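**Q** Can you keep this structure in mind? I'll have questions shortly.
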């Protein structure tokens, strides 16, 4: 029951008692009759108050039982909700651990692949550098040999030209001597 119903019943009782007291006091009766009527009305109101007390106790017990049942329902609901939340958190935690492990494995795999590729590329680069170095050394040797050969050719050519020049100079000397001789003879 609500407070309104309890308040209404209390108001009705108080109103009834007040009306009965006013009716008895203003009624034209003798003192003994009036006392008997007051006692009778008082007994009747005592009985009604007893009934109200019983009713209030019953209502109180109903409210207590309702409060206990509601509290128990709330407790069960909250426990179920807490269990659900706990289970969901555990499941989410497990999923996160699995996802993390999967990502980590993937990263480890990619890291291994990257290391292998870097090692392969490094080895290829070293090989190409070594090949390039050998090729450069071979070309340098070839150029050196070619330069040496050309130097020898130039030296031989120069020697021939020097010899030819010496011959021309000798011939020129001989002719110059002949011309000098002829000039002296003509003179």
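Read-outs: derived from the displayed coordinates by stated rules, not from any lab. What you see is a predicted model, and the numbers here were worked out from it, not measured in a lab. Positions of Cβ are backbone-derived with ideal geometry, glycine not excepted, and every protein chain shown enters the neighbour counts.
**Q** Suppose R0 equals 25 Å. What FRET efficiency, 1/(1 + (r/R0)^6) with r the Cβ-Cβ distance, do residue 26 and residue 56 give to the nearest 0.05?
**A** E(calc), rounded to 0.05, equals 0.20.
**Q** Based only on other Cβ atoms within 10 Å, what is the fewest-to-most ordering of 49, 89?
**A** Ascending number of Cβ neighbours within 10 Å: 89, 49.
**Q** Per the helix-only calculation at 222 nm, which mean residue ellipticity applies to the chain, given -39500 (n - 2.57) for every DSSP H run of n ≥ 4 and division by its residues, nearest 500 deg cm²/dmol?
**A** -37000 deg cm²/dmol
**Q** 7 Å from Cα along Cα→Cβ at both residue 128 and residue 39: what's the point-to-point distance in nm?
**A** 13.0
**Q** Given springs between every Cα pair under 10 Å in a Gaussian network model of the chain, which of 175, 131, 141 has the largest fluctuation?
**A** Evaluated over the chain, the most mobile residue of the options is 175.
**Q** Of the listed values (i) 67.9, 214; (ii) 20.5, 65; (iii) 17.5, 62, identify the label whose number matches Rg and Dmax of the Cα atoms in Å calculated from this model.
**A** Among (i) 67.9, 214; (ii) 20.5, 65; (iii) 17.5, 62, the one derived from this structure is (i).
**Q** Related question: May I ask you to derive the FRET efficiency for residue 19 and residue 75 from their Cβ-Cβ distance with R0 = 41 Å, giving the value to the nearest 0.05?
**A** Approximately 0.25, to the nearest 0.05.
**Q** Nearest 10 degrees is fine. How inclined is helix 31-186 to the longest principal axis of the chain, computing both from alpha carbons?
**A** 0
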